[in-house]
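Data first, discussion second: the structure below is written as structure tokens.
Taken together, the values in this text are just the output of simple stated rules run on the coordinates, not laboratory data. What you see is a predicted model; the values in this text were computed from it and never measured. Heads up, the Cβs are rebuilt from the backbone with ideal geometry, glycines too, and the neighbour counts pull from every protein chain shown.
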């Protein structure tokens, strides 16, 4: 499921790139923390083959990444008519059936992760130390909409979650 969402995100961004979206740089972050930067003007072709993302550059060099080893792809220097929030919390999959992944790789120090009802009632709290990928089981919660909230000494980030 994660791989399909990643493929759909890339395809959507590439399609938008030919219409209204203009991104100058793509960052590929792997689960081990390694990050690779690609200038979009230098990319000739991106393909998905046998569980891998293959990026072929205009100079015929290639980079290959195992899809299950990718944390996320980020496109920067976007210019669209859409305003994106600067303090976004990255969660997947959404909608979720059992396990929710929360990417806190850009957060430093101590924080608190909460799952709340839409009315603000805290259902689950987890203390976080450092930056990492957090997993939370939502299998015991009924279907519906919830909030996932991350707080630390300088920021509050909240995203709506749909439980199926």
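Below are the figures for this structure:
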{"item": "Space enclosed by the convex hull of the alpha-carbon atoms of the range 90-163, per residue, Å³", "result": "77 Å³"}
{"item": "Least to most buried among 98, 103 (fewest other Cβ within 10 Å first)", "result": "98, 103"}
{"item": "Separation of the residue 131 and residue 97 label points, Cα + 7 Å toward Cβ, nm", "result": "3.3 nm"}
{"item": "Projected label distance in nm at residue 30 and residue 72, using a 7 Å step from Cα toward the beta-carbon", "result": "2.0 nm"}
{"item": "Ranked list, fewest to most other Cβ atoms within 10 Å of each Cβ, for 70, 113", "result": "70, 113"}
{"item": "Likely footprinting exposure, 49, 104, fewest C-beta neighbours within 10 Å first", "result": "49, 104"}
{"item": "Residue-span extension gain [residue 143 to residue 44] - 0.36 nm each, minus C-alpha spacing", "result": "31.3 nm"}
